[in-house]
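The values are calculated or read from the model by the stated rules, or taken from the named source; none is laboratory data. Bear in mind that the values here come from a model prediction, so they are computed numbers and not experimental data. No Cβ is skipped: glycine too gets one built from the backbone with ideal geometry, and neighbour counts run over all protein chains shown.
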Amino acid sequence: MENYVVTFARGFGTGGKAIASRLAKELGIHCYENRILTLASQMSGLDEKLFQEVNEKLGKANGFSSFLKGLPRSYNYIARNEKFVSDDKLFEYQSRIIENLADTESCVIVGKCADYVLRGRKNVVSIYIEAPRSFCVERTMENMGVSEEVAHATIEKTDKYRADYYKYYTHGNYWTNPVNYDMTLNSEKVGIDNCVKIIEEYLVIKGIIPESKINRTKHSDTELKLVQ
């Protein structure tokens, strides 16, 4: 079967990262987020010739995938308290990594404008997870152990960063635009588990995975307690 990719964009506190991680686990594929940025940051310090050599080596036999799996995976939130500052070179390397992953394996990719980077590919499904502010605040307070005031500020600053990031690198498109995605799901109304189920069923409807691919095994919330 052809490789496929499910990309996720999500508001802070919506549970989007938990949904992405759970989906990947049920489908038996990898979920990538911060490790892509880690590798891109390392590679952006190389000159172009050296990068091409590394790129060729890592591009063989799922090299990027193997290398990324060796990098630490963060289960903690990343709140953006700074203003967005563009780094075109870093985004270029990050995009190359995302494209290489899409070429070499089935996977889930969270954030990083992956829906835009992989636009036009028939084997890519893009999801946006949203939820009311009250739901996001409650989840953020619970998972981060912060006050309501801090939760509100964290959500506002992080979502502003993500929106500015997306707008800049997609040349003016806006992050929450529903036409960017195959579907937008409200995680409060639908529920975390049901979001995963709906996405799986959509993958079947699209002919991307067979019905038999869906693993209905439940995973505990404590195992995937992710606030992003």
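Worth pointing out:
- A residue that is over 20 Å from the mean Cα position of the chain (by Cα) and among the β-branched types (Val, Ile, Thr) occurs nowhere in segment 155-167.
- Qualifying positions in segment 104-115 - within 17 Å of the chain's Cα centre (by Cα) and surrounded by fewer than 20 Cβ atoms within 10 Å (Cβ to Cβ): Glu105
- All positions within segment 144-156 that are of a type outside the set (A, V, I, L, M, F, W, C) and either in contact with a Phe, Trp or Tyr (Cβ under 9 Å, 6 or more places away or on another chain) or closer than 14 Å to Ser134 by Cα (or both): Ser147, Glu148, Glu149, His152, Thr154, Glu156
- Residue in segment 81-99 that is surrounded by fewer than 21 Cβ atoms within 10 Å (Cβ to Cβ), modelled with pLDDT under 75 and aliphatic (A, V, I, L, M) present: no
- Yes/no for Ile29 being in contact with a strand residue (DSSP E or B) (Cβ under 7 Å, 6 or more places away or on another chain) and either aromatic (Phe, Trp, Tyr) or modelled with pLDDT of 65 or more (or both): yes
Every residue, every condition in (1) under 26 Å from Gly28 (Cβ atoms); (2) among the aromatic types (Phe, Trp, Tyr); (3) at pLDDT 95 or above, yes or no:
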position	(1), (2), (3)
Tyr116	no, yes, yes
Asn123	yes, no, no
Cys136	no, no, yes
Thr154	no, no, no
Thr176	no, no, no
Leu185	yes, no, yes
Asn194	yes, no, yes
Glu200	yes, no, yes
Ile208	yes, no, no
